[in-house]
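Note sheet for the following structure.
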Amino acid sequence: MTRAGRFAGYAMMAVAGLLAVAARRGVIGDLGPFPVVAVALFVGMIGVMLVFTDLMVRGLYAQIDAAKRRDADENATRE
């Protein structure tokens, strides 16, 4: 299982932060037809979803592995 999705999410959150700083300083006003604040919120939201989804899936797999190990230990002690 690769961590590329989580790292892409962190990168998207960093881009959203940079866009917010640039908008605050007045460097950027619009990106195409959209206000920069809307783009920053959208990119940041997608980044957060990628990171949390990756972490939740990893937690689920960890719980499954722990249950399999516990079952294996119980079966080994019965025999």
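The values are calculated or read from the model by the stated rules, or taken from the named source; none is laboratory data. In this text the structure is predicted, and so the values were computed from the model without any measurement. Here Cβ is always computed from backbone atoms with ideal geometry, including for glycine, and neighbour counts include all displayed protein chains. We work out accessible area using only protein heavy atoms, side chains counted, and drop any ligands, DNA or RNA first. Shrake-Rupley method; radii C 1.70, N 1.55, O 1.52, S 1.80 Å.
Per-structure values
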{"item": "Rel. contact order, % - alpha carbon contacts under 8 angstrom, at least six apart, the chain", "result": "37"}
{"item": "Top positive-direction residue, dipole computed over the chain with Cβ charges, set Phe34, Ile64, Ala76", "result": "Phe34"}
{"item": "Histogram of C-alpha separations across the chain, 5 Å bin width, %", "result": "3, 15, 16, 14, 11, 9, 8, 6, 5, 4, 3, 3, 2, 1, 0"}
{"item": "The chain, helix-only ellipticity at 222 nm - DSSP H runs n ≥ 4, -39,500 (n - 2.57), divided by all residues, nearest 500", "result": "-30000 deg cm²/dmol"}
{"item": "Region 28-79 - percent of accessible surface contributed by carbon and sulfur, probe 1.4 Å", "result": "67"}
{"item": "Degrees, to the nearest 10: 36-78 long Cα axis against longest axis of the chain", "result": "0"}
{"item": "Exposure rank, largest accessible area first [Leu55, Leu41, Leu60; 1.4 Å]", "result": "Leu41, Leu60, Leu55"}
{"item": "Probe 1.4 Å, protein heavy atoms only - accessible area per residue of the chain in square angstrom", "result": "76"}
{"item": "For Tyr10, solvent-accessible area (1.4 Å; no DNA, RNA or ligand), Å²", "result": "100"}
{"item": "Leu31 long-range amide H proximity, modeled H, under 5 Å", "result": "Val36"}
{"item": "Heavy atoms of Ile28: accessible area, 1.4 Å probe, square angstrom to 10", "result": "50"}
{"item": "Most positive-pole-ward Cα, Ala22, Val51, Ala4, against dipole of the chain from beta carbon charges", "result": "Ala22"}
